[in-house]
Amino acid sequence: MERELVIVLDFGGQYNQLIARRVRECHVYAEVLPYTTSLDVIRQKQPKGIIFTGGPNSVYLEQSPRCSKEIFDLGVPILGICYGDQLIDYLLDGKVETAPVSEYGKTEIHLDTTSRLFTGVPETSTGWMSHTDYIAEVPAGFRITGTTANCPAAAMEDAQRGIYGVQFHPEVLHTEYGKEILYNFVRGICGCVGDWEMGSFVDQTVEALKKEIGDGRVLCALSGGVDSSVAAALLSKAVGKQLTCVFVDHGLLRKDEGDQVESVFGVDGPFELNFIRVNAQQRFYDKLAGVTDPERKRKIIGEEFIRVFEEEAKKIGEVDYLAQGTIYPDVIESGLGKSARIKSHHNVGGLPDHIAFKKIVEPLRMLFKDEVRNAGRRLGLPEYLVSRQPFPGPGLGVRIIGEVTAEKVRIVQEADAIYREELHKAGCDKGLGQYFAALTNMQSVGVMGDERTYDYAVALRAVNTSDFMTADASEIPFEVLNRCMTRIINEVHGVNRVLYDLTSKPPGTIEFE
Ligand code: XMP
């Protein structure tokens with residue numbers, strides 16, 4: 001596929017994914033490659049620009065990651081960020097030293113706005129800093145284009161050779177004009193017109209899949225989550241009835257979710273594919289009977305999923321391709337696609353090794369989550385499906401404390417549906433990382449009408465998070481929580497208490513198991 005490319009050369013920075021995302025937000029395709037990528041490979045890819053990421057090392061130490069100096073002779077514009085900025089300086093014989101004062105966090109930066117990199121950016125603004133080394137001397141031919149109180153060369157450039165460096169992090173939202181600066185680099189300095197667009201991605205991928213698969217047969221494990229749904233929709237568009245989707249309803253889905261998935265992918269839906277829904281609810285409940293340990297529950301659900309999937313796959317016989325909904329963050333996190341082995345299916349916890357298939361097809365492996373959602377919209381998937389919040393593979397099994405039973409599943413499904421509906425009605429769901437109801441294993445005394453009750457407590461949880469590694473409880477307005485409480489108590493039989501979980505992560509986790 002011919003499209004403009006910006007290479008993000010990864011020197012171990014924690015924001016490398018973010019840089020690629022920001023570039024793609026400028027409608028330019030970006031790919032993260034390890035710093036060890038050879039110049040030949042880089043040349044073959046014909047990038048319009050290269051960005052060196054930050055990283056935790058000191059450039060002047062022997063083992064620190066470096067690329068070849070000849071990269072500057074490719075004639076491709078280069079932007080170095082933080083460590084990447086210092087690396088440019090080091091490779092071109094400037095001077096990098098430990099800074100007398102290190103900078104961390106929001107910092108006032110002064111920029112020379114005659115630089116093309118800073119077109120349209122004010123002379124003074126806020127930048128996000130995180131460094132202990134600094135550039136003490138810029139290389140010959142460079143000029144300083146930015147300063148802070150403690151950093152005499154917070155930005156530098158050799159515009160003639162198209163080499164730019166910034167000590168601050170334009171990819172981080174705390175840098176006020178970071179997006180503009182990256183836009184200036186990729187669309188201005190690199191001269192990209194911006195041909196990365198979801199409509200053309202969908203069309204080109206469909207064509208590529210047709211070519212690759214030919215008249216082969218494809219099997220896809222459909223969980224109903226965003227990634228596997230979009231992968232299935234793409235494949236269905238490419239190869240239609242050659243695709244078989246197996247959807248295992250383990251009885252631990254959200255209310256009506258199984259039917260929703262079937263209405264989209266089943267016989268009455270818009271896609272022409274072979275759809276198999278396996279109603280395995282009772283089978284899972286039987287396996288989970290009497291089990292209270294959360295890890296055991298996870299294992300049982302994962303294993304049983306595989307068994308059911310395997311049985312269905314056997315009925316189909318040999319297939320040529322196994323489709324997976326792997327997305328770009330999975331690829332980057334698993335070592336930049338070095339491994340060709342089957343990744344654990346991130347939704348179900350591992351597919352069996354011995355299903356008979358010849359190859360794996362991963363049509364979303366270069367997309368970020370928000371791009372996957374956009375591709376889904378382009379493919380005509382309903383909004384409730386593409387905008388779904390993350391839902392764990394073990395489903396409600398990790399939202400029910402203690403033993404899982406059909407009755408407890410009913411309670412948590414109904415409470416969760418009310419909670420989601422009320423948050424949506426109040427407009428509180430926008431921007432939330434994740435929100436759901438969980439069922440505690442606590443029963444307590446209450447009074448309803450004139451009767452004593454001894455029923456369960458439901459816990460409501462809503463968190464703000466961007467990375468799902470850390471999270472804070474959201475401040476849902478009290479009147480909204482109150483409405484949820486009233487409805488849940490009145491409408492969900494078996495509940496007499498509603499709690500709101502204030503715990504952040506850490507020390508808590510997002511799920512409630
Ligand atoms: P925790 O509870 O560990 O969750 O803070 C972090 C994020 O991961 C999701 N999660 C899972 N996703 N399979 C998944 O596909 C799982 O087994 C699983 N467990 C947790 C969780 O929903 C949250 O978004």
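The values are calculated or read from the model by the stated rules, or taken from the named source; none is laboratory data. Just so it is clear, the model here is predicted, and its values are computed rather than measured. When we count neighbours, we look across all protein chains shown, and the Cβ atoms used for this are built from the backbone with ideal geometry, even at glycine. We work out accessible area using only protein heavy atoms, side chains counted, and drop any ligands, DNA or RNA first. Shrake-Rupley method; radii C 1.70, N 1.55, O 1.52, S 1.80 Å.
One table, with the values for the structure above:
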| read-out | value |
| --- | --- |
| Single residue of 486, 470, 503 found to be within 12 Å of the ligand (Cβ to nearest atom) and under 27 Å from residue 445 (Cα atoms) | 503 |
| The stretch 382-399 - residue that is open to solvent by 30 Å² or more (accessible area, probe 1.4 Å) and part of a helix (DSSP H, G or I) and, of those, nearest to the ligand (Cβ to nearest atom) | 384 |
| Sole residue being modelled with pLDDT of 95 or more, open to solvent by 20 Å² or more (accessible area, probe 1.4 Å) and within 20 Å of the chain's Cα centre (by Cα), chosen from 179, 237 | 179 |
| Flag for residue 416 being more than 30 Å from residue 17 (Cβ to Cβ) and under 27 Å from the mean Cα position of the chain (by Cα) | yes |
| Scan of the stretch 159-172 for residues that are more than 12 Å from residue 117 (Cβ to Cβ), surrounded by fewer than 24 Cβ atoms within 10 Å (Cβ to Cβ) and touching a residue at least 40 places away in the same chain (Cβ under 8 Å), ordered by number | 161, 172 |
| All positions within the stretch 432-465 that are within 16 Å of the ligand (Cβ to nearest atom), polar (S, T, N, Q) and in contact with an Asp or Glu (Cβ under 7 Å, 6 or more places away or on another chain) | 464 |
| The stretch 441-454, subset farther than 23 Å from residue 292 by Cα and either among the small types (Gly, Ala, Ser) or open to solvent by less than 40 Å² (accessible area, probe 1.4 Å) (or both), residue modelled with the lowest pLDDT | 449 |
| Identity of the residue in the stretch 455-504, open to solvent by 50 Å² or more (accessible area, probe 1.4 Å) and in a strand (DSSP E or B), that ends up farthest from residue 17 (Cα to Cα) | 497 |
| Single residue of the stretch 182-211 satisfying the filter (closer than 18 Å to residue 21 by Cα and part of a loop (DSSP other than H, G, I, E, B)) that is most open to solvent (accessible area, probe 1.4 Å) | 193 |
| Leading residue by the ranking (nearest to residue 33 (Cα to Cα)) among those in the stretch 78-93 that are touching a residue at least 40 places away in the same chain (Cβ under 8 Å) and open to solvent by 20 Å² or more (accessible area, probe 1.4 Å) | 92 |
| Scan of the stretch 139-158 for residues that are closer than 22 Å to residue 56 by Cα and open to solvent by 40 Å² or more (accessible area, probe 1.4 Å), ordered by number | 147, 150, 152 |
| Condition check for residue 214: out of contact with any Cys (no Cβ under 8 Å at 6 or more places or on another chain) and open to solvent by 10 Å² or more (accessible area, probe 1.4 Å) | yes |
| Where residue 101 falls short, out of the listed (1) farther than 28 Å from residue 374 by Cα; (2) free of Cβ contacts under 8 Å to residues at least 24 places away in the same chain; (3) not basic (Lys, Arg) | (2) |
| Odd one out for residue 33, checked against (1) outside any helix (DSSP H, G or I); (2) open to solvent by 80 Å² or more (accessible area, probe 1.4 Å); (3) in contact with a helix residue (DSSP H, G or I) (Cβ under 9 Å, 6 or more places away or on another chain) | (2) |
| Residue in the stretch 290-300 that is open to solvent by less than 30 Å² (accessible area, probe 1.4 Å) and among the charged types (D, E, K, R) present | yes |
| Pick from the stretch 1-45, criterion under 20 Å from residue 367 (Cβ atoms) and of a type in the set (Phe, Trp, Tyr), ranking: modelled with the lowest pLDDT | 15 |
| Residue in the stretch 343-361 that is modelled with pLDDT under 70, open to solvent by 20 Å² or more (accessible area, probe 1.4 Å) and basic (Lys, Arg) present | yes |
| Pairs where the first residue, in the stretch 484-513, is touching a residue at least 24 places away in the same chain (Cβ under 8 Å) and the second is open to solvent by 70 Å² or more (accessible area, probe 1.4 Å) and within 16 Å of the ligand (Cβ to nearest atom), C-beta under 6 Å, 6+ apart | 504/472; 505/470 |
| Selection within the stretch 400-417 - within 22 Å of residue 384 (Cα to Cα) and open to solvent by 10 Å² or more (accessible area, probe 1.4 Å) | 410, 413, 414, 417 |
| Contacts under 6 angstrom Cβ, first residue in the stretch 246-268 being on the phi > 0 side of the Ramachandran plot, partner in a helix (DSSP H, G or I) and open to solvent by less than 10 Å² (accessible area, probe 1.4 Å), 6 or more apart | 251/284 |
| Filter result (open to solvent by 30 Å² or more (accessible area, probe 1.4 Å) and either part of a helix (DSSP H, G or I) or within 13 Å of the ligand (Cβ to nearest atom) (or both)) within the stretch 418-431 | 420, 421, 424, 425 |
| Residues that are assigned to a helix (DSSP H, G or I) and open to solvent by 30 Å² or more (accessible area, probe 1.4 Å), drawn from the stretch 301-318 | 303, 307, 311, 314, 315, 316 |
| Subset of the stretch 301-316 [within 15 Å of the ligand (Cβ to nearest atom), aliphatic (A, V, I, L, M) and touching a residue at least 60 places away in the same chain (Cβ under 8 Å)] | 301 |
